[in-house]
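Below you'll find the structure, written out as structure tokens, and then a few comments.
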Amino acid sequence: MSRHTFAYLFLVSCLSAPSLAQTKTSVGGPITASTTWTAANSPYRITSTVMVQRGATLTIEPGVDVCVQAGLGIRVGATGSAGTIVARGTSARPIRFTSDAAQPGPGDWDSILLGAQATNGTSFSGCAFEHVTVEYAGSSALATLQSDQMVPWIRFCTFRACASAGVQLNAPASRTQPVVVADCVFDSTRSAT
């Protein structure tokens, strides 16, 4: 095979290969039954705000990338419906929430909001974030990760290049468990409030 034929075949195979944008798994809207976002189907593209509803748990496996389109976000236990999100990565395989923009910047996507009906988090159950990176999020109204009248478990997380505070916890005065935001990094993002 000549060098020109090889170069032509290589170019054709590269142009016909699917791009990363074509291989993203699209997700969005209400989650009404327990769902797992797997590393095998990663990356995930949020095309409408995800709302984890009553009795449902969204589990995100280690190594998953979640790419969020402009102005969208994730809502758990908001609007009177109990729900749970479990995003427990590992140091070797962190979970990443990021912008879906070609050239990402702070504030590209909205936030992760844990409403008053979300399940309180502990080291073994409930709403939890471990070994998670959240980047390019934040709105003028909400922190990057915000809880309202509930207590999530947040450890070993990185919040970077966000337009608003990294974490805002509005914990209930009557809580019976500790608030845990530990071993986190806030890089070019305001810290926890």
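The values are calculated or read from the model by the stated rules, or taken from the named source; none is laboratory data. These numbers come from a predicted model, not from an experiment. Using ideal geometry, Cβ is built from the backbone for each residue, glycine included, and neighbour counts are taken over all protein chains shown. Please note that ligands, DNA and RNA were not included when accessible areas were found on the heavy atoms of the full protein model with its side chains. Shrake-Rupley method; radii C 1.70, N 1.55, O 1.52, S 1.80 Å.
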Next item on the list: Could you rank 183, 100 by how accessible they are, 1.4 Å probe, largest area first?
Entry: 183, 100
Next item on the list: For an R0 of 25 angstrom, estimate the FRET efficiency from the Cβ-Cβ distance between residue 116 and residue 35 and round to the nearest 0.05.
Entry: 0.70
Item checked: Coil-residue trypsin sites (Lys or Arg not before Pro) of the stretch 82-183, DSSP, other Cβ within 10 Å capped at 13 -> 175
Check: So who's got an amide H within less than 5 Å of the one on residue 168, skipping anything under 5 residues away but keeping other chains? H placed 1.01 Å off N, in plane.
Finding: 145, 146, 147, 193
Check: Around residue 82, which amide H atoms from residues at least 5 apart in sequence, or from another chain, sit under 5 Å from its own amide H, with H modelled in the peptide plane?
Finding: 54, 55
Next item on the list: For the stretch 57-66, take each phi angle, set θ = phi - 60°, evaluate the Karplus expression 6.51 cos²θ - 1.76 cosθ + 1.60, and give the result in whole Hz per residue in order, putting x for glycine and proline.
Entry: 10, 9, 9, 10, 6, x, x, 7, 9, 10
Notebook entry, point to check: Want the number for residue 48 to residue 92: 0.36 nm per residue separation, take away the alpha-carbon distance, what's left?
Noted result: 12.9 nm
